[in-house]
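The values are calculated or read from the model by the stated rules, or taken from the named source; none is laboratory data. All figures in this text were calculated on a predicted structure; none of them were measured in a lab. Heads up, the Cβs are rebuilt from the backbone with ideal geometry, glycines too, and the neighbour counts pull from every protein chain shown.
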């Protein structure tokens, strides 16, 4: 109605300011009378525009929307006189820990969220997350990805999925981990209908409840595949990686091949061959840690180039130490190599550890063992580590 009213006003202006034929004049006046008879008036559209301008102003002032995006979002809904829900919703979301970026994203995709009743609609659904133990930044991140969640039935959709996840995952703690990873699974699928066929398939193939829980926490997409495709993935793990189903790494192989089709696996294997690896070394690596193939071709190539061509590591050593191939070259291997190199140059007797030992340490352990003990007498060690990680 807003568009028609504004258009009608524009036509009235042109009628009064232009030389226009009598027949067209009569046609336009008839159209305007029809609009007026149907309640589409210029006065009404002006009022609607005024209230939507107020909403746009709220979006600009409270959330930092640009004028253009605020007008676009406010045009999708109508703010009635005296309606203070938008500001109440914004305040509520901010109290939960969502920043402006989170709320802007929610409102941009679902402007009607601003007209939700905080007490009747939002709080009961937020309580679902809080009952799982989610709070603070974890809660804010989940909510920021869950715009459509607020418009679904709490009992018929959300709780139905939640009860099913509890049954499969075994604890609220696991459900919370799952929801943090894939919040859309709580409201975006019909879990009790979609997931059981794949769970039954895995059970029939000998996967334990613990294995299924691990897979679900690692990669929930596995359970939304067609059962035939999942069966094919399981078969490929045996044929491609030569892993038996009772092997501890078999579950890792399934996880890897969910992401990789046959042609991609072949390309990854060819990279190792191009660096002189034998097939036995390649399969030794993959059997120890199938997930090393999930890294991009560029990352695999760059890591091999650094370790083999610059540092001189042999393929047989790397095949026995597969964790090297899953670590970030830029964020982990290079920074730690730079620290060890400096320590060995200045204090060779104080640091005789190998790079692999340093690479597999957690960040806190690495700082504790290799950086902080030398911070006072060798401050450059700390500086080079921080600088390397920031590049």
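This table checks each residue for (1) at pLDDT 90 or above; (2) crowded, with 18+ Cβ neighbours inside 10 Å.
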{"position": "263", "(1), (2)": "yes, no"}
{"position": "273", "(1), (2)": "yes, no"}
{"position": "342", "(1), (2)": "no, yes"}
{"position": "350", "(1), (2)": "no, no"}
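Within the stretch 107-128, the residues that satisfy the criterion of being within 18 Å of residue 84 (Cα to Cα) and either assigned to a helix (DSSP H, G or I) or outside the structural domain of residue 142 (by TED's automatic domain parsing) (or both) are 107, 111, 112, 113, 114, 115, 118, 119, 120, 121, 122, 123. Out of the stretch 144-202, which residues are modelled with pLDDT of 90 or more, within 16 Å of residue 126 (Cα to Cα) and surrounded by 18 or more Cβ atoms within 10 Å (Cβ to Cβ)? Listed by number, the residues that qualify are 161, 162, 175, 176, 179. Being in contact with a helix residue (DSSP H, G or I) (Cβ under 9 Å, 6 or more places away or on another chain) and buried (at least 18 other Cβ atoms within 10 Å of the Cβ) is a description that does not apply to residue 311.
What residue, of 212, 179, is under 18 Å from the mean Cα position of the chain (by Cα) and either in the same structural domain as residue 291 (by TED's automatic domain parsing) or assigned to a helix (DSSP H, G or I) (or both)?
Working: 212 fails: under 18 Å from the mean Cα position of the chain (by Cα).
Exactly one residue qualifies, and that residue is 179.
Which ones in the stretch 95-117 are under 14 Å from residue 55 (Cα atoms) and under 17 Å from the mean Cα position of the chain (by Cα)? The one that is under 14 Å from residue 55 (Cα atoms) and under 17 Å from the mean Cα position of the chain (by Cα): 104. Condition first: exposed (fewer than 13 other Cβ atoms within 10 Å of the Cβ) and under 30 Å from residue 95 (Cβ atoms). Can you find one or more residues in the stretch 205-219 that meet it? Scanning the stretch 205-219, I find no residue that is exposed (fewer than 13 other Cβ atoms within 10 Å of the Cβ) and under 30 Å from residue 95 (Cβ atoms), so the answer is no. Residue 358 fulfils the conditions (1) farther than 28 Å from residue 255 by Cα; (2) at pLDDT 90 or above; (3) in a helix (DSSP H, G or I) except for a single criterion, (1). Restricting attention to the stretch 220-234, and to residues there that are over 26 Å from the mean Cα position of the chain (by Cα) and surrounded by fewer than 16 Cβ atoms within 10 Å (Cβ to Cβ), which single residue is farthest from residue 257 (Cα to Cα)? Restricting to residues being over 26 Å from the mean Cα position of the chain (by Cα) and surrounded by fewer than 16 Cβ atoms within 10 Å (Cβ to Cβ), the top hit is 228.
Among the candidates 279, 363, 376, which residue alone is over 31 Å from the mean Cα position of the chain (by Cα) and farther than 30 Å from residue 263 by Cα? Before you say what the answer is, go through the steps one by one.
On the way: 279 fails: farther than 30 Å from residue 263 by Cα; 363 fails: over 31 Å from the mean Cα position of the chain (by Cα).
Unique residue meeting the criteria: 376.
Scanning the stretch 212-243 for residues that are more than 26 Å from residue 179 (Cα to Cα) and in contact with a helix residue (DSSP H, G or I) (Cβ under 7 Å, 6 or more places away or on another chain) yields 236, 237, 240, 241, 242, 243.
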